[in-house]
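Taking it in order: structure first as structure tokens, then the write-up.
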Amino acid sequence: MFKLVCILPNGPLKNVLKRLRLYYPPLHRLMALSKGNTESLVARSKEFSELLNDVLINGVWKRTGLGRLTILDEWVVSFLTTSSGSFKILDVGGSDGSTTFDTLRYFQENLNVEAKAAILELHLRLHCFRRGCLRYYLTHDQSPLLLQIGPLGVLFEETKGKEGVVFNPIVRIIKKYLQCFSLEKYLKNDGDLILQSPLVENSPNIIWIEQNLFHFDPAMAETFDFIRCCNVLNCGYFSDAQIYDAVRLLTFYLKHKGLLLVSRTIDTSTGPLHTASLWMKNGEVIQHISDLNGGSEVKKIVTANGPTPQ
Ligand SMILES: C[S@@+](CC[C@H](N)C(=O)[O-])C[C@H]1O[C@@H](n2cnc3c(N)ncnc32)[C@H](O)[C@@H]1O
């Protein structure tokens, strides 16, 4: 949403601003955490993920954190079989990779295999520029995200709410103006902020594929034993046609008998609830295998279009 936000470190004011939807986390703190070595790796990674929980880029939250998807790992492991010594995972929209780190460790302990994971992530980096108390952040495709002046910032996110009718044209005009004017040319280049948990940086079994999940990559054909897509293929984020196309691509990337998991986490008063569905690739098609908590909202889109998404 295009709006004025307050950029503050942790503190009592943060929660008030969050409730008023006027809070955005300090992105320069993420940079310090990824480079720093004064605190322990675990402490840095924890704070890194906590800050990312409040980061919104192109209408999609970066929400993440160790332990967030443990229930899903425990559920899915009983459906997985490992015939060869190696096991390849694709985590689509893996944010900072901390949930991938968790899953890899869980599978290694419970499946007794050498598991390797690739994280397919579109918003892995932000381009950062600065002069004095002014900081300017651009997304991977050079689109303005945030202009910060001291503790105040202007967030260039389009809104899907009613207020978007008024604000979105303003956002588009200002973004266009900033892009034409190339504000960054007048600032010091602070390098790229890589939105990767410090824990993952030190994990040799995790690699990044910095790519759009809707981009077809023939090099990944029939490569993965398990593909996971949590909290990214949500109906609120993408159209039914886009979701169906994504499922087709992901099916293509699965090995024969490989599993596809799609889920969405819903915050309830008793804690997070994961609604998930699981499919198995059989020949060229995927077949539905099981559901958790009523299944994924994506199931109806896959079912409506038939069981053969290829
Ligand atoms: C809410 S996070 C999910 C993190 C993790 N999977 C989880 O469930 O805890 C959604 C992630 O999807 C990424 N994303 C959004 N659109 C994408 C796209 N078109 N291709 C790849 N990744 C995308 C976002 O950058 C974000 O990191």
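The values are calculated or read from the model by the stated rules, or taken from the named source; none is laboratory data. The model shown is predicted, which means the values in this text are computed figures rather than measured ones. Cβ placement follows ideal geometry from the backbone for every residue including glycine, while neighbour counts extend to all protein chains displayed.
For segment 89-141, a residue qualifies if it is away from the ligand (no atom under 16 Å from the Cβ), assigned to a strand (DSSP E or B) and within 29 Å of residue 79 (Cβ to Cβ), and the qualifying residues are 114, 115, 116. Against the test of being more than 30 Å from residue 86 (Cα to Cα), touching a His at 6+ places or on another chain (Cβ under 7 Å) and among the polar types (S, T, N, Q), the options 159, 139 yield a single qualifying residue, 139. In contact with a Ser or Thr (Cβ under 7 Å, 6 or more places away or on another chain) and either of a type outside the set (Lys, Arg) or away from the ligand (no atom under 16 Å from the Cβ) (or both): is that true of residue 155 in this structure? So residue 155 fails the test.
Take residue 224 and tell me if it is within 16 Å of the ligand (Cβ to nearest atom) and in contact (Cβ under 8 Å) with a residue 12 or more places away in the chain. So residue 224 fits the description; yes. Among residues of segment 93-115 that are in the same structural domain as residue 82 (by TED's automatic domain parsing) and polar (S, T, N, Q), those with a beta-carbon under 7 Å from a residue that is assigned to a helix (DSSP H, G or I) and away from the ligand (no atom under 16 Å from the Cβ) at least six positions away or on a different chain give the pairs 110/77.
Looking only at segment 11-35, residues that are of a type outside the set (A, V, I, L, M), without any contact (Cβ under 8 Å) to a residue 24 or more places away in the chain and surrounded by 13 or more Cβ atoms within 10 Å (Cβ to Cβ) come to 2 in all. Screening residue 189 with (1) part of a helix (DSSP H, G or I); (2) in contact (Cβ under 8 Å) with a residue 40 or more places away in the chain; (3) exposed (fewer than 12 other Cβ atoms within 10 Å of the Cβ) gives one miss only, at (1). In this structure, is residue 192 touching a Gly at 6+ places or on another chain (Cβ under 7 Å) and not polar (S, T, N, Q)? Taking the combined requirement at face value, the residue does not satisfy it.
Within segment 41-58, is there a residue that is within 16 Å of residue 145 (Cα to Cα) and either assigned by TED's automatic domain parsing to the domain that holds residue 235 or over 20 Å from the mean Cα position of the chain (by Cα) (or both)? The answer is no, given that none of the residues of segment 41-58 is within 16 Å of residue 145 (Cα to Cα) and either assigned by TED's automatic domain parsing to the domain that holds residue 235 or over 20 Å from the mean Cα position of the chain (by Cα) (or both).
Against the condition buried (at least 17 other Cβ atoms within 10 Å of the Cβ) and within 13 Å of the ligand (Cβ to nearest atom), how does residue 286 come out, does it pass? When the stated conditions are applied, residue 286 does not pass them.
Selection of first residues in segment 236-248 that are at pLDDT below 95 and within 14 Å of the ligand (Cβ to nearest atom) and of second residues that are of a type in the set (Lys, Arg) and part of a loop (DSSP other than H, G, I, E, B), restricted to Cβ pairs under 8 Å at least 6 apart or on distinct chains, gives the following pairs, ordered by first then second residue: 236/160. Close contacts from segment 200-215, counting a first residue that is within 8 Å of the ligand (Cβ to nearest atom) and a second that is modelled with pLDDT of 95 or more and assigned to a strand (DSSP E or B), with Cβ to Cβ under 6 Å and a gap of 6+ residues or different chains, come to 211/120; 213/92; 213/120.
The set of residues in segment 70-84 that are farther than 16 Å from residue 109 by Cβ and free of Cβ contacts under 8 Å to residues at least 40 places away in the same chain comprises 83, 84. Within segment 142-154, the residues that satisfy the criterion of being surrounded by fewer than 21 Cβ atoms within 10 Å (Cβ to Cβ), in contact (Cβ under 8 Å) with a residue 40 or more places away in the chain and not in a loop (DSSP other than H, G, I, E, B) are 152, 154. Any residue at all in segment 179-186 that's among the aliphatic types (A, V, I, L, M), away from the ligand (no atom under 16 Å from the Cβ) and over 25 Å from residue 221 (Cα atoms)? Yes, segment 179-186 has at least one match. Tallying residues that are assigned to a strand (DSSP E or B) and surrounded by 15 or more Cβ atoms within 10 Å (Cβ to Cβ) within segment 57-88 yields 5.
Could you check, for segment 254-269, whether at least one of its residues is of a type outside the set (Phe, Trp, Tyr), surrounded by 12 or more Cβ atoms within 10 Å (Cβ to Cβ), touching a His at 6+ places or on another chain (Cβ under 6 Å) and within 22 Å of residue 78 (Cβ to Cβ)? Yes, segment 254-269 contains a residue that is of a type outside the set (Phe, Trp, Tyr), surrounded by 12 or more Cβ atoms within 10 Å (Cβ to Cβ), touching a His at 6+ places or on another chain (Cβ under 6 Å) and within 22 Å of residue 78 (Cβ to Cβ).
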